[in-house]
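Worksheet: one structure, shown below.
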Amino acid sequence: MLELKNICFERDNKKILDNISLTIDTDKFVVITGPNGSGKSTLAKIIMGIERPDSGQILLEGQDITNLQINERAKLGVAFAFQQPIRFKGITVFDLLRLSSEKEINKATACEILSKVGLCAKEYVDREINSSLSGGELKRIEIASVAVRNSKFTIFDEPEAGIDLWSFQSLIKVFEDMRKIVKGTTLIISHQERILNIADEVILLKQGKVEKRGSKEELLGDVKEKPLCCKLGVN
């Protein structure tokens with residue numbers, strides 16, 4: 001379980017997060033959504049330790065991790081996938097999976113993980129992570145690198161960013177199977193309705209505050225006739 005207590009964060013004299021308090025239960029698939037500038041990605045980075053809150057407290061299974069470094073949070077089971085996956089010249093997919101794992105793995109295990117995210121293992125396990133890979137391929141490889149860690153709390157920051165429609169449709173299928181791949185809690189930052197549809201719970205941020213939380217139906221059911229961008233106040 002992750003607890004956020006009175007999290008505040010300012011940048012350039014602008015309040016980005018305003019007294020956020022949340023509890024995210026174990027083994028849940030949760031989506032944080034909201035308009036551009038509502039603080040979604042900032043909150044994700046604060047949970048991972050990429051940014052530090054100006055005030056407030058973060059507890060992971062009762063342990064205060066507010067002042068821990070990124071690597072210390074990773075050791076406790078917090079994982080983070082960026083909007084734009086990093087390319088590593090000279091490193092193969094197998095190298096990345098081996099480095100990401102908390103234990104030594106062989107190619108058979110790596111191939112099994114790749115298959116679970118919809119990649120033909122034989123075609124990808126020895127490929128270099130470079131510009132020859134598409135955005136959709138990189139997203140799946142990044143999910144595989146997170147999955148192999150078996151993290152307690154996994155964060156995906158706008159996984160739909162930078163990929164084409166076909167890749168996005170395939171990505172949805174991967175996330176639908178996430179519970180078979182990644183144990184523990186999955187937190188996704190997104191405003192894509194198809195991702196919201198597969199969540200156990202949706203949290204709506206607006207102007208740095210929690211506006212509402214509940215099921216997708218509870219959150220958006222009263223305005224189903226509007227496009228999602230209008231529902232969330234996105235320009």
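The criterion of being hydrophobic (A, V, I, L, M, F, W, C) and surrounded by fewer than 16 Cβ atoms within 10 Å (Cβ to Cβ) holds for residue 70.
The residue that is modelled with the lowest pLDDT, counting only those in the range 146-170 that are more than 13 Å from the chain's Cα centre (by Cα) and part of a helix (DSSP H, G or I), is 166. Looking at the range 72-84, can you tell me whether even one residue there is of a type in the set (Val, Ile, Thr) and in a strand (DSSP E or B)? Among the residues of the range 72-84, at least one is of a type in the set (Val, Ile, Thr) and in a strand (DSSP E or B), which makes the answer yes. Only strands (runs of 3 or more DSSP E) whose full extent lies in the range 1-46 are considered here, and the ones with at least 2 residues that are touching a Cys at 6+ places or on another chain (Cβ under 8 Å) are 14-24.
Select from the range 85-118 the residues that are under 30 Å from residue 43 (Cβ atoms) and in a loop (DSSP other than H, G, I, E, B) and write down the one among them that is nearest to the chain's Cα centre (by Cα). Top of the filtered list is 85. Being modelled with pLDDT under 85 and of a type outside the set (Lys, Arg) is a description that applies to residue 118. Taking first residues from the range 94-115 that are in contact (Cβ under 8 Å) with a residue 60 or more places away in the chain and partners that are crowded, with 18+ Cβ neighbours inside 10 Å and polar (S, T, N, Q), no Cβ contact under 7 Å between residues at least 6 apart in sequence or on separate chains turns up. Looking across the range 1-40 at every residue that is among the hydroxyl-bearing types (Ser, Thr, Tyr) and crowded, with 20+ Cβ neighbours inside 10 Å, the one that is nearest to residue 190 (Cα to Cα) is identified as 33. Residues that are in contact with a strand residue (DSSP E or B) (Cβ under 9 Å, 6 or more places away or on another chain), buried (at least 18 other Cβ atoms within 10 Å of the Cβ), among the aliphatic types (A, V, I, L, M) and within 22 Å of residue 184 (Cβ to Cβ) within the range 75-116 comprise 78, 79, 81, 96, listed in sequence order.
Restricted to helices (runs of 4 or more DSSP H) entirely inside the range 172-235, those with at least 3 residues that are of a type outside the set (D, E, K, R) and either at pLDDT below 90 or surrounded by 19 or more Cβ atoms within 10 Å (Cβ to Cβ) (or both) are 228-232. May I ask you to verify whether residue 137 is surrounded by 14 or more Cβ atoms within 10 Å (Cβ to Cβ), of a type outside the set (Gly, Ala, Ser), within 16 Å of the chain's Cα centre (by Cα) and in a helix (DSSP H, G or I)? Answer is no for this residue.
The values are calculated or read from the model by the stated rules, or taken from the named source; none is laboratory data. Keep in mind it's a predicted model, so treat the numbers as computed, not measured. Positions of Cβ are backbone-derived with ideal geometry, glycine not excepted, and every protein chain shown enters the neighbour counts.
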